[in-house]
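Following: one structure in structure tokens, then a few remarks.
Every number in this text was worked out from the coordinates using simple rules, so none of it is lab data. Values in this document were obtained by computation on a predicted structure and should not be read as measured data. Heads up, the Cβs are rebuilt from the backbone with ideal geometry, glycines too, and the neighbour counts pull from every protein chain shown.
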Amino acid sequence: MSETPILRSGFVTLFGRPNVGKSTLLNKIVGQKVSITSQKAQTTRHQIRGVLNRDGMQIVFVDTPGVGKPRTALGKRLNDTAKEARGDVDVVCFVVDGRSGVGKGDLFLAEQLHPANTVVLVNKIDGMSAEQVGQQLIAASAIEASAYFPVSAQTGDGLESLMDHLAAQMPEGPAWFPDDQVTDTPEPQWVAELVREQLLRTMRDEVPHSIATRVTEWEWPRIRVEILVERESQKGIVIGKGGSVLKEVGTKARQQLPKGVFLDLFVTVDANWQQDPASVERLGY
């Protein structure tokens, strides 16, 4: 009689300040895009789960919004979302930017973590010399943790050693997801996020934080996505001259969806929604 193979499984949260590369890291780890990315802060607004399956192991990674000083009700909610993801997990990977170095904000956030289940990831080491990486690891040692790893979310350098370490930290347990599932993000949320990602990459700096997206109709293959802004002046910017911006955003978002999808984008104004906790809640944040 054959024995049931032992499975090690658990949860790992990616936590840190904005723009340290958590979402890019998650995508690289699971081998496909499950979290949108951009150079703008507040790109990630939800807890995004990505599942890594290997022989005898399943690790569920939780991507979180970057934690910074909140200036709006949305910012406060995103901080709360990130902090909630630190509890009831097996390991917290605290991600810092290896290029800009460990700052006061990193040290402040690190004080809220439990060293025994914290692993520090010095990210963005691609293009850095061995000496520079060493200096950043020394700086990161100011954060009390159980282990430290230099990694590159862009190239994947250092991730194999990190995965081996995390696998050893996982307890015996069940598979939380089927072995062919990579994320649990609902399809409508994913489509809305793809649209917002392209807006973030297209819009000038003062507009992106004011944008929210949500699917209002789902009659496959027709999907209608509402883009919310806070002011009438922003509406014109998002639409673009002759609808040029919406057309570009729609084209780039469709390229990441199954062939034949019809994406209908429209823009509405919800005045100062970021400052209104009820609006933030209504939009699913």
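Please find, among 129, 146, the residue that is touching a helix residue (DSSP H, G or I) at 6+ places or on another chain (Cβ under 7 Å) and surrounded by fewer than 16 Cβ atoms within 10 Å (Cβ to Cβ).
Within the list 129, 146, the selection yields 146.
Scan the stretch 256-270 for residues that are closer than 22 Å to residue 35 by Cβ and not in a loop (DSSP other than H, G, I, E, B) and report the count.
2
Of all the residues that make up the stretch 87-108, how many are in contact with a Lys or Arg (Cβ under 9 Å, 6 or more places away or on another chain) and within 23 Å of residue 10 (Cα to Cα)? Explain how you work it out, then say what you get.
Filtering the stretch 87-108 down to residues in contact with a Lys or Arg (Cβ under 9 Å, 6 or more places away or on another chain) leaves 92-93, 95-100, 103, 105-106.
Retained after the next criterion (residues that are within 23 Å of residue 10 (Cα to Cα)): 92-93, 95-96.
Selection size over the stretch 87-108: 4.
Of all residues in the stretch 82-104, which are buried (at least 16 other Cβ atoms within 10 Å of the Cβ) and in contact (Cβ under 8 Å) with a residue 60 or more places away in the chain?
Listed by number, the residues that qualify are 82, 85, 86, 89, 90, 91, 92, 93, 94, 95, 96, 97.
Looking only at the stretch 99-147, count how many residues are of a type in the set (Lys, Arg) and out of contact with any strand residue (DSSP E or B) (no Cβ under 9 Å at 6 or more places or on another chain).
The number of residues fulfilling the criteria is 1.
Per-residue answers, yes or no, for (1) surrounded by fewer than 13 Cβ atoms within 10 Å (Cβ to Cβ); (2) farther than 30 Å from residue 76 by Cα:
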{"site": "207", "(1), (2)": "no, no"}
{"site": "213", "(1), (2)": "no, no"}
{"site": "223", "(1), (2)": "no, yes"}
{"site": "226", "(1), (2)": "no, no"}
{"site": "237", "(1), (2)": "no, no"}
{"site": "258", "(1), (2)": "yes, yes"}
{"site": "268", "(1), (2)": "yes, no"}
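Among the residues of the stretch 10-30, write down those that are in contact with a helix residue (DSSP H, G or I) (Cβ under 9 Å, 6 or more places away or on another chain) and part of a loop (DSSP other than H, G, I, E, B). Full working, then the answer.
Kept after step one, since they are in contact with a helix residue (DSSP H, G or I) (Cβ under 9 Å, 6 or more places away or on another chain), are these residues of the stretch 10-30: 10, 12-17, 20, 25, 28-29.
Within the stretch 10-30, 17, 20 meet the criteria.
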